[in-house]
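Let me begin by handing over the structure; questions about it come next.
The values are calculated or read from the model by the stated rules, or taken from the named source; none is laboratory data. It should be emphasised that the depicted structure is a prediction, and the values quoted were computed from it without experimental measurement. Here Cβ is always computed from backbone atoms with ideal geometry, including for glycine, and neighbour counts include all displayed protein chains. Just so you know, the surface numbers come from the protein's heavy atoms only, side chains and all, with ligands and any DNA or RNA stripped out. Shrake-Rupley method; radii C 1.70, N 1.55, O 1.52, S 1.80 Å.
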Amino acid sequence: MIIDDSKVISFCSNDYLGLANHPRLKQAMIEAVEHYGVGSGAAHLVNGHSSAHHQLEEELADFCGYPRAILFSTGYMANLGLCQALLDKNDHVFEDRLNHASLLDGGLISGARLQRYLHNDVSSLQKKLAKLNADDTEKLVLTDGVFSMDGDIARLAELSVACRESASWLMVDDAHGFGTLGETGKGSLQYFSLTADDVPVYMATLGKAMGTAGAFIAGSEELIETIIQQARTYIYTTAMPAAIAEATRCSLNIIQTEPQHLQNLNNNIDYFKTCCKEAELNVENSLTAIQPLLIGDDQKAIDLSQKLFDKGFLVTAIRPPTVPQGTSRLRITLSAKHQRDHIEQLIETLSQLLDQPQ
Ligand SMILES: *Cc1c(COP(=O)(O)O)cnc(C)c1O
């Protein structure tokens, strides 16, 4: 990236596969703009829904193994809309403590009773579920598939069993897993060999590995119909531009026909971890593209981020309230587009900076 005339290597983008600048994707977008124009002009239910949106929904459902899918203009709106469509004040919603803000906000605005369980701790969730004996309320469990600030993967296999045993719905937000996890990038369900029966509500965003913008929810016919009828963030907002939908169809095709992007990403993750080990740099134990380096003190994290910038690396400091108090960090993200020497130089520079007296 070029920021104020300085050329820096970015290690904080969510464009994990580097698709945002893929020539085929750019071409697909340009051609779609020629055909559809720029803006969609209206909400989906008025006349903003084009055949591009419709085809993308069908292709996403098919790719993820669900009967049906529905598009949202952003992931934030998808999560708010889902919670509001499914829950009311008599219901219960359970969330991992480290869930993304949009899931927490969704739970809050739904009016349901919100409880947060210990991070990735299935027995903590089970204890809370067991305290509810009323069978007449809906129970919805919400989790990130890959936790956005920590990079660890939710224990979805155990969560799905706990949800089945307690007749609760399980919803996975796979913003950081879709396109990056599993043998062919289908996401965290593929990673654990789970299906739509195990996870009745699946959500992912399109602005990260897919390199475009927007989000979708996949589920049963009944679920998607309910969202169309009830989710205010779907009904009362302008549809994403058709050209974005068309470009996303192209991304979906690229991830199925060009496995090298996912392969490059996985190689870079492995290489980063190997280099960190050699340099004795204590990154968290993450298997994904998100590799946080815990610093603790807020100011120290900001200072390190600034010093990295001066040396030509963009790594933003993430501080409370985005993460818990005392856990400020450098959230390093890897991409298919990084070269080995970018990774080597980052780690060398980080090691030098951390060795210096602060
Ligand atoms: C980015 C993100 C979102 C929000 O998606 P947008 O399309 O950027 O609004 C939701 N959930 C998680 C886990 C995310 O990382």
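Would you kindly derive the ³J(HN,Hα) couplings of segment 164-174 from the backbone phi angles with the Karplus curve 6.51 cos²θ - 1.76 cosθ + 1.60 (θ = phi - 60°), listing them in order in whole Hz, with x for Gly and Pro?
Computed from phi, the couplings for segment 164-174 are 4, 4, 9, 6, 9, 7, 10, 10, 10, 9, 9 Hz.
Run the count for segment 23-257, please: Lys pairs, Cα-Cα under 17 angstrom, 8 or more apart or on different chains.
Final tally of qualifying lysine pairs is 6.
Still on this model: Residue by residue through segment 234-250, which ³J(HN,Hα) values in whole Hz follow from phi under the Karplus form 6.51 cos²θ - 1.76 cosθ + 1.60 (θ = phi - 60°), with glycine and proline marked x?
Those phi angles translate into 9, 6, 9, 8, 5, 4, 4, x, 4, 5, 5, 4, 5, 5, 5, 4, 5 Hz.
Would you calculate the volume per residue, in Å³, of the smallest convex hull containing every Cα atom of segment 159-223?
Measuring per residue, one finds 80 Å³ for the Cα hull of segment 159-223.
Next question. Residue by residue through segment 269-277, which ³J(HN,Hα) values in whole Hz follow from phi under the Karplus form 6.51 cos²θ - 1.76 cosθ + 1.60 (θ = phi - 60°), with glycine and proline marked x?
4, 4, 5, 4, 5, 4, 5, 4, 4
Pull up the DSSP beta bridges for the chain and report the antiparallel fraction as a percent, rounded to 5.
Counting only bridges with both partners in the chain, antiparallel ones make up about 50 percent.
So, one more: Quick check on the chain: helices-only [θ] at 222 nm, where DSSP H runs of length 4 and up contribute -39,500 (n - 2.57) each and the sum goes over total residues. Nearest 500, please.
-13000 deg cm²/dmol
Given charges of +1 on the Cβ of Lys and Arg and -1 on the Cβ of Asp and Glu, with all other atoms neutral, how large is the dipole of the chain about its Cα centre, in debye to the nearest 20?
So the dipole magnitude of the chain works out to roughly 480 debye.
Please quote Rg/Rh for the chain to two decimal places, taking the Kirkwood radius as Rh and restricting both calculations to Cα atoms.
Details: Rg = 20.7 Å, Rh = 21.2 Å.
With Rg and the Kirkwood Rh in hand, the quotient comes to 0.98.
OK, next. Under a 5 Å amide H to amide H cut-off, with H placed in plane at 1.01 Å, what residues pair with Ala239 once short-range neighbours are removed?
For Ala239, the qualifying residues are Ala42, Ala43, His44.
Same structure again: Pull up all non-local amide H partners of Thr180: gap of 5 or more, or a different chain, and H-to-H distance under 5 Å with H placed in the peptide plane.
Gly187
Give me the orientation-averaged projected area of the Cα convex hull of segment 259-355, in nm², one decimal. Write out the running numbers ahead of the final one.
Numbers: hull surface 24.1 nm².
Across all orientations, segment 259-355 yields a mean hull projection of 6.0 nm².
Report Leu281's accessible area, 1.4 Å probe, all protein chains in place, as a number in Å² to the nearest 10.
Probe radius 1.4 Å; accessible area of Leu281 about 20 Å².
Just add up the charged neighbours of Leu56: K/R +1, D/E -1, any other residue whose Cβ is under 11 Å from the Cβ of Leu56.
-4
Would you be so kind as to identify which of Ser40, Phe63, Val315 lies farthest towards the positive end of the dipole of the chain, taking Lys and Arg as +1 and Asp and Glu as -1 on Cβ and the Cα centre as origin?
Val315
Tally Lys/Arg at +1 and Asp/Glu at -1 over every other residue whose Cβ is under 15 Å from the Cβ of Asn14; what's the total?
Details: positive: Lys208, Arg331, Lys337; negative: Asp15, Asp144, Asp150, Asp173, Asp174.
Here the charged neighbours net out to -2.
In whole angstrom, how far apart do the alpha carbon centroids of segment 49-124 and segment 185-202 sit?
Value for the Cα centre distance between the two parts: 15 Å.
Right, here's the next one. If you average the sequence gap of Cα pairs under 8 Å that are 6 or more apart and divide by the length of the chain, what percent do you get for the contact order?
25 percent
Which shape class, rounded, prolate or oblate, goes with segment 44-169 when its Cα gyration tensor gives a ≥ b ≥ c as root eigenvalues, a/c under 1.5 marks rounded, and past that a/b bigger than b/c marks prolate?
prolate
Which of the listed residues, Ile269, Thr349, Leu281, is farthest toward the dipole's positive end in segment 259-355, when Lys, Arg count +1 and Asp, Glu count -1 at the beta-carbon?
Positive-most Cα among the choices belongs to Ile269.
Still on this structure, I have one more. Out of residues 5 or more away from Val201 or on other chains, whose amide H comes under 5 Å of its own, with H placed 1.01 Å from N in the peptide plane?
Long-range HN contacts for Val201: Leu170, Val172.
Within the chain, what's the longest stretch lacking GluC sites (Glu not before Pro) that sit in DSSP loops with no more than 16 other Cβ atoms inside 10 Å? Write down the numbers at each step before the final one.
Working: sites that count: Glu138, Glu183, Glu280, Glu284.
Within the chain, the longest run free of exposed GluC sites (Glu not before Pro) spans 1-137.
How big is D, in µm² s⁻¹, for segment 197-309 by Stokes-Einstein at 25 °C and 0.890 mPa s if Rh is the Kirkwood radius over C-alpha pairs?
Working: Rh = 18.1 Å.
My calculation gives 136 µm²/s for D.
Could you please report the charge total around His338, scoring K, R as +1 and D, E as -1 over all other residues with beta-carbon less than 13 angstrom from its beta-carbon? Spell out each step's value before the answer.
On the way: positive: Lys337, Arg340; negative: Asp15, Asp270, Asp341, Glu344.
In short, -2.
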